[in-house]
Structures are given as C-alpha cells and as structure tokens.
1. Label points 7 Å out from Cα along the Cβ direction at residue 387 and residue 443: separation in nm?
2. I want the local charge near residue 97. Using Cβ-Cβ distances under 11 Å, sum +1 for each Lys or Arg and -1 for each Asp or Glu among the other residues.
3. Starting from the eigenvalues of the Cα gyration tensor, five times each then square-rooted, give me the equivalent ellipsoid semi-axes of the chain, largest first, whole Å.
4. Given Cβ point charges of +1 (Lys, Arg) and -1 (Asp, Glu) and nothing else, what value in debye, to the nearest 20, does the dipole of the chain about its Cα centre take?
5. Ordered by residue, what ³J(HN,Hα) values in Hz, to whole numbers, does the range 462-474 give under the Karplus form 6.51 cos²θ - 1.76 cosθ + 1.60, where θ = phi - 60° and Gly and Pro are x?
6. Using θ = phi - 60° and the Karplus form 6.51 cos²θ - 1.76 cosθ + 1.60, what ³J(HN,Hα) does each residue of the range 508-515 get, whole Hz, x for Gly and Pro?
7. Please list, ordered by chain and number, the residues whose modelled amide H lies under 5 Å from the amide H of residue 316; skip anything fewer than 5 residues away on the same chain.
8. Can you compute 3J(HN,Hα) from phi for each residue in the range 164-170, using the Karplus curve 6.51 cos²θ - 1.76 cosθ + 1.60 with θ = phi - 60°, rounded to whole Hz and x for Gly and Pro?
Amino acid sequence: MKVKNIIFACAVCCSFAVAVTSCSSWIEENPEGLITDERVGDSEEAAANWVTGTYSKLIYDMFCWGYFPRVLEFDADYISGPDWLFGTFGAGNFQGESDVTDALWKGCYGLIARANNAERHIQAMSNISVESKNNAVGELKFLRGFAYFLMVRAYGPLPIQPEQETSEYNQPRQSVAAVYDYIVKNLEEACGLMYKNTDTRYQAGHASAGSAAGLLAKVYATQAAAAMPVGTEITVRTGKPYDGAGDSRVYAPLQSKTFQKTAVAGYEQMDAHALYAKAAEWAKKVIDGHYGSYELLQYDQLWKKANCNASEFMFSLQTVSGDATYKVSVHSQYEGYMTEQGSDFIQEGGWVGCTRHWYDLFDHDDYRITKGVKHRWRAKTQRESNSGFYYPQTNEYSIMATGYDLLGNYVGAPSGIYADGVSYYYSQDAQCLAFTTKYMDVTNNAINNADANFPFLRYADVLLVYAEAQNELGSASDAIDYLNRVRQRSNATLASDSGTAALDTQSKIRSAVIEERAKEFACEADRRWDLIRWGIYLQAMNAIEGSDDAGVLKSRLERNLLFPIPAPELNTNKAITENNPGWN
C-alpha cells in the first residue's frame, strides 16, 4: 500500500475493527460498524482509500502482534528457534493458540469482511473511471482469494462468507474443492481487472494482474500435488540432528529418505494431471509476460530494501519503519535489532533460524548459504567479554573463527571476516542456528519495529511451480531448465539428466524441485505447506526422531495435518457442529 494513504487507512482500520470484534462469529459482518460511502465519498481517491483500508488488515492486526509469520512458519522440519518462542504451537499443540485463533482464522475472515464491504461500496460508485473501478475491485478479489488460500491449506473445509450483506451468519463449512473453486473464481476475475505492473497507473507495493496469475499457478499446483496418487515417491534429505549425547554429541549426517505420499483429505477426487496442466498454463502466462514483466534479481540485489518492490516480489507485506500501527516483528525475530545503528551488537531478537540439516542441503559455494546465512554475530551480552558466535560448526569455519579444527588441533590464526580480535565460539543450541540475512537491510536496524517487507509470492516461486508441473506432465527437460534458472542465480550446481548426480527419473526431479523450494524459500513461510500438499508432512517431521537442533519437539500426529477450528467460532456459528479430527 502507498505510505501516503496510511493515515486514512488507520482510520478505516478502527472502523473495521468494530465490525470484526463485535460480531458473534468471526465470519459475520456488522454493517452498522463500518465506515460508509457518505463519509468516504464517491471518487477515485475514495476507492483507493477503501482498497488501502483492506490491505491494512494484513499489518494491523494480522502481522503486527508477531503471530505472523509464526503461524505459517514455525511448524516445519527445517525451521527452529528457542523453545520459549516456539512454545506449544511449535511443539505441535495448536489447540487454543492465539496464532491459530487470532492471526489466521480471525485475521483472514476480517480481511475477507473488509474486501466484501469495500467492493460493495466501490461497485456503487459512479464518479470514477472504469479502469480505476476495475483495478480496485480486482485488488479486493485478489485479497479475498489470498485469504481463503491461506485458510483452506490450514483448516480444510471452510465457511464461505457471503459477498452481499446478509443477516444469516451461521455459515456451514464448504468442501475443500468448493473453496478452491471460489479462490480460482476470484483470482481469475482479478487477473482481468487489475493493472499490470507495467501499466503507468500501477502503484508499487500493490497486487497486480501478475500477482493474481502467479498465485493462481501456485493454487493449482497445491491442489495438483495433494491429488497425486497415494504412494507417489518423494525423497527428502533429513534425519535425527545428532549422533551421541551430551558434550560428545556431533551433528548426524543427512540421510536420504524416500517417503510414500499419503492421501490428503479433501483432494482425493481431484484430477492431478488436469490441475498441473492449469498450473503450467498460468505460470507460463506470467513467464511469457502476459500479465506484466517479471524477472529474477541478481542475488546481491535480491534482499536489498531498495528492491523490496522490484518485479521478483510479486506480492509482499508492505511496512513502515518505526510506525506504531504498521509495525511487524519480522526483522526482530529473524535478524534481531541492534543496540544502535552501525553497532555489531544485537540488542534483542534474532531467534528464528534453520537447522543444520537445512544448511547441509546446499552446495559449498551456493550464495544462499555463503551470503544468505549469518556466519558471525554478537549479542550485547558479549560486549564485555569481547566474544561472539560463529556458524556453522565445521572445520572450515572453526579454523576461520578460532584457528583450531574440530579435533582441537591448532591450524593458524583466524583470517578473513574473523580477523578482528574477537573470540568467537559455537554453541550446540538455539543460540547457533542457520540465521537468514534476508531481512537485514532495513531503514533503521536499531528499532524493534523495522520495515522488513515479507514476501508472500516471488517470481522464483512461479518458475519452480512451472518446473514442478512440467515434470508431472512428462516434460523432464523443461522441468530441469526452469529448476536451473533458480539455481543459476544462486551459484548452485546446475541440474542435469546425465552424470553421477543425474536427475534421470520423474521421482528424482520431483524430489529436487521440492528440495529447491526448501532452500529458496526458507524463512518465507512456505515449507510446511509443501510437506502438507505432498502428503509427506508426518513422515518428514517424524524422521527427525524427536527434537531438533535447538530442542524443539518435531514429533507429530494425524491431528496436526489440520489446525483446529477456534472454539469461539464453534460456540457461535451453529452451522459448524464439529472440529477437525483430533481436536476437541
């Protein structure tokens, strides 16, 4: 959203908050509590304000309290952090968690309520150009489809909130297939209504026609993977984190485990081949420029703040530095904020990272670990002792940081980035994980609510969706080609259908694409949903054999496949009579 509209949007937020919080059910709207067209007016500016007020829900109050991206991110195999932060949700107990209740269910239905109300008001406007009205309505349809997509993956069957005003608030859950049909309808309509990112009237930071087309490709691929036959093989590199115990434990090497896909509830009657054909069709429309212009950024430019709305970022959370309302915890959770700008010392935060097994997926010179992972950092508590942490615990980095190899043999004085007189050490716990550098570049890195934009959809995702779809449709060469487009950007070894590490079967290509997604979209709230849609979530989580590097419990049961419907919804919506399996 445009910053110039923030102040107005805040006022709209307050009005909409009445509508969301005063209802007996979170899918209910209260028109009496909403801002009216008489107060906003009938003009292009008024329409823009309605749209901005709807976008505002993503930050206030979905992201601003720290529930996001936690609710989408913390339940996955390669993500980790301190036990106190991951809590019961990170350990697999989703019942009664505010993440599941306030952030996802309540937040998404609040976003949908705003979109519905805003669309009614904009459709009634007469003092506005056809192009502006179409674009505004298209953005609202996009946000509505996006919200339902977040929820259907998490909860399964859902109530579909009526777009028109109604007094009937007891809405039953619709089947997974019906929800997806509604998502597709909204996104397809949005594609034809919204500006392209190349149009002169397009506003950077907003969704565009390409955003809707790209999300459609991902929506179709999600259904297609979930509908693939039971027994489809996927190989995942995983395993228990350590060999040994206590002070003598060492990291266990990655193991390649071949999992058999299990049925994904609600997708059994879908046609995987037809859905992959649609995923490929929509991804190729984006690639060929039918809905705007998109490209991969050079790696060194990818996570620069100045490029947060470059064409690779097809839809991102837009934030404001230091704003009391439009604040997010992304920078604090993943990077930590400094004692002062320019300081080497983290005041607080920098807790969430990836496991050593994730790190070990990469080639040695892949930019996503050489540049995309922190290899040294210092907390404020280490100032007095002149110490800091290094990562990972390998001979290479141990020698660089300390001059000693892992066997305690002195090799030589530290060199490179570690030749600064600081005593670096490694800790086998949550203090030393593969911490990302994706969200480091912000306007002010010494404040808690820094302006790290969080990507919901990148062009790299569209390329990997296309690679995945082409593989399942029988075109191995195209699949490898588009997989390599992502790998090449990161200086990774290119895939081939020949040689010692050949991707010479459909199963190998499938596994390589899924693994590439784990590497490329780490800390972008994607991994859990890939495991779920491919029917390998339980196997992948339980392959860790208990707790991960930082002691976070990863053992999962059948009930973890879906989040529980929040108790307040069950208590007030009489059309929903039971919760998801395994949840009271």
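1. About 3.8 nm, to one decimal.
2. Values: positive: 70; negative: 75, 99, 102.
Net local charge, residue 97 excluded: -2.
3. Numbers: eigenvalues 297, 151, 116 Å².
Semi-axes from the Cα gyration tensor: 39, 27, 24 Å.
4. On the way: 52 positive and 71 negative charges, 43 e Å.
About 200 debye.
5. Ordered by residue, 3J(HN,Hα) equals 4, 4, 6, 4, 5, 4, 4, 5, 4, 4, 6, 8, x Hz.
6. Running phi through 6.51 cos²θ - 1.76 cosθ + 1.60 with θ = phi - 60° gives 5, 5, 4, 5, 5, 5, 5, 5 Hz.
7. Residues meeting the amide H criterion: 456.
8. 8, 4, 8, 9, 9, 9, 8
The values are calculated or read from the model by the stated rules, or taken from the named source; none is laboratory data. As the structure is a prediction and not an experimental result, all values here were calculated from the model. Positions of Cβ are generated from backbone atoms using ideal geometry, with glycine treated the same way; all protein chains shown enter the neighbour counts. Remember, those area values only see protein heavy atoms, side chains included, never the ligands or the DNA or RNA. Shrake-Rupley method; radii C 1.70, N 1.55, O 1.52, S 1.80 Å.
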